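Below: one structure, written as structure tokens.
Coordinate-derived values only; no laboratory data. Note that the structure is predicted; figures quoted are calculated from it, not measured. As a convention, Cβ positions derive from the backbone with ideal geometry for all residues, glycine included, and neighbour counts pool all protein chains shown.
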Amino acid sequence: MPKTTKRYGLVLVLVLIAVATWLAFLSLGQGEAGDPMDVQHVEIQEYQGEKLGSIEDFRENSIRGVQYLDPDDYRLAIDGRVAMPASWSYAELQEMDHIGKLVTINCVEGWSVKVLWEGIALPDLLAEVQPAEDATTVIFYASDGYTTSLPLDFIMDRNLILADRINGLPLPPANGFPFQLVAEDKWGYKWIRWITRIELTDQSEFRGFWESRGYSNDGDADGPKFGD
Ligand SMILES: Nc1nc2c(c(=O)[nH]1)N[C@H]1C(S)=C(S)[C@@H](COP(=O)(O)O)O[C@H]1N2
Ligand SMILES: [Mo]
């Protein structure tokens, strides 16, 4: 066989391998993202007589795009002003008591969705790490570098949850798998997704990602969007 024909043969084989790999990758990606048709027939649409919003009503607006966390590697850590810093695997967190709440999320961009959230009550997790007397503020960190904070009192009074289910389904990656904070009555930017770490601090003036760019640190959904 002449040298050039041999070379063409080799190039052809390489191109075929590349195309096959690309096709395999595409079909993998589809499975991972979750076909919306699959979601439709299992997502609950009504709860205690009330019509719910749908996972498809959410808009993706995160700072670095959807994060895909591996439940096998995942750990949630709580540290800072606590007596007993701790961390848990995804499997350990699934074993804990879960509660459900019907809550509306309101984004400052003008959309809102009401769905059923189920997850772990933060006060339960905080009881395990024992917050120090001077801890006033809880800072949340996510895998995309996003941060936000809330007063410790607010979390305890409202029994806020870390949701791992939405409308009866495991939280999809776009909704923050493994956990999204259900920051009820706060603007959407307090609803941090893909949470990896929770820090207790006495620094009440801490400002998270959007808060340090001008959004209100209180973040009350019936209050101003900008300012303190
Ligand atoms: N980790 C992380 N969490 C985040 C964000 C982000 O960019 N990164 N965006 C916030 C904003 S501005 C909004 S409105 C809500 C939207 O969440 P949802 O898509 O689950 O409704 O996520 C919040 N949580
Ligand atoms: Mo938002």
(request) Among residues belonging to the stretch 127-159 that are outside any loop (DSSP other than H, G, I, E, B) and charged (D, E, K, R), point out the one that is surrounded by the most Cβ atoms within 10 Å (Cβ to Cβ). (result) 158
(message) Against the condition over 21 Å from residue 138 (Cα atoms) and away from ligand 2 (no atom under 16 Å from the Cβ), how does residue 100 come out, does it pass?
(response) yes
(request) Collect the residues in the stretch 182-212 that are free of Cβ contacts under 8 Å to residues at least 60 places away in the same chain, more than 11 Å from ligand 1 (Cβ to nearest atom) and charged (D, E, K, R), keeping them in residue-number order. (result) 185, 205, 207
(message) Of everything in the stretch 159-177, what is touching an Asp or Glu at 6+ places or on another chain (Cβ under 6 Å) and either on the phi > 0 side of the Ramachandran plot or of a type outside the set (A, V, I, L, M, F, W, C) (or both)? Give them in sequence order.
(response) 165, 167
(message) If residue 93 meets every condition in (1) touching a residue at least 12 places away in the same chain (Cβ under 8 Å); (2) under 25 Å from residue 45 (Cα atoms) apart from one, which number is that one?
(response) (2)
(request) Could you look through the stretch 207-217, keep only residues that are assigned to a loop (DSSP other than H, G, I, E, B) and out of contact with any Asp or Glu (no Cβ under 7 Å at 6 or more places or on another chain), and pick out the one that is farthest from ligand 2 (Cβ to nearest atom)? (result) 207
(message) I'd like to verify a number: residues in the stretch 54-73 that are more than 12 Å from ligand 1 (Cβ to nearest atom) and either exposed (fewer than 11 other Cβ atoms within 10 Å of the Cβ) or under 16 Å from residue 209 (Cβ atoms) (or both), how many?
(response) 3
(request) Filter the stretch 97-122 down to residues that are more than 16 Å from ligand 1 (Cβ to nearest atom) and surrounded by fewer than 15 Cβ atoms within 10 Å (Cβ to Cβ) and give me whichever is farthest from residue 56 (Cα to Cα). (result) 97
